[in-house]
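Down below is the structure, laid out as structure tokens.
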Amino acid sequence: MNITAVNNVGKIFGTYLTRVSSTDKPIGVSPLRGSQQMGDQEQPTFGFTVAWSFSDSTTVFVGQCFVDDKGKETLQTMWLLRKKVDSSQDNWKATLVGTNLFTRV
């Protein structure tokens, strides 16, 4: 994940390059858009969406930025990935749930 900007009203812009995919198509960089709480700047909550450029699926992430006493930032998230299915009968298996931890490099 590469966050390129967070503007003065909390809008997040960036890109996401995953290493995981269930498609046979080549994995490519996908756009990331979201927002964060702008009140208390310490350990804000946030959410962002990735519309995958190489598949018919979208993932939404929600989480919080935690900063330890040494200044190390960790983004702790939960996500829902919705993949396109052919009929409402397949609906039950179309949404995946998981967690991610992100650290600054």
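Lys-Lys pairs in region 2-103 that are eight or more residues apart or on separate chains and whose Cα atoms lie under 18 Å of each other come to 4.
Measuring nothing but how far apart in sequence close Cα pairs (under 8 Å, 6+ apart) lie, relative to its length, the chain scores a relative contact order of 16 percent. Normalise the Cα radius of gyration of the chain by 2.2 N^0.38 Å (N = residues in it) and let me know the number. The value comes to 1.18.
Subtracting the Cα-Cα distance of residue 60 and residue 37 from their residue separation scaled by 0.36 nm leaves 6.6 nm.
How many angstrom separate the Cα center of region 41-105 from the Cα center of region 16-33? A separation of 13 Å, based on Cα centres. Note on residue 22 and residue 45: the model spin-label points, each 7 Å out from Cα along the C-beta direction, lie 2.9 nm apart.
For region 43-51, putting each phi into the Karplus relation 6.51 cos²θ - 1.76 cosθ + 1.60 with θ = phi - 60° gives couplings of 6, x, 8, 7, x, 8, 10, 10, 9 Hz, in residue order, rounded to whole numbers and with x for Gly and Pro.
Read the figures in this text as sums done on the coordinates, not as results from a lab. This structure is a prediction, so every number in the text was calculated from the model and none was measured. FYI the Cβ positions are ideal-geometry reconstructions off the backbone, even for glycines, and counts take in every protein chain you see.
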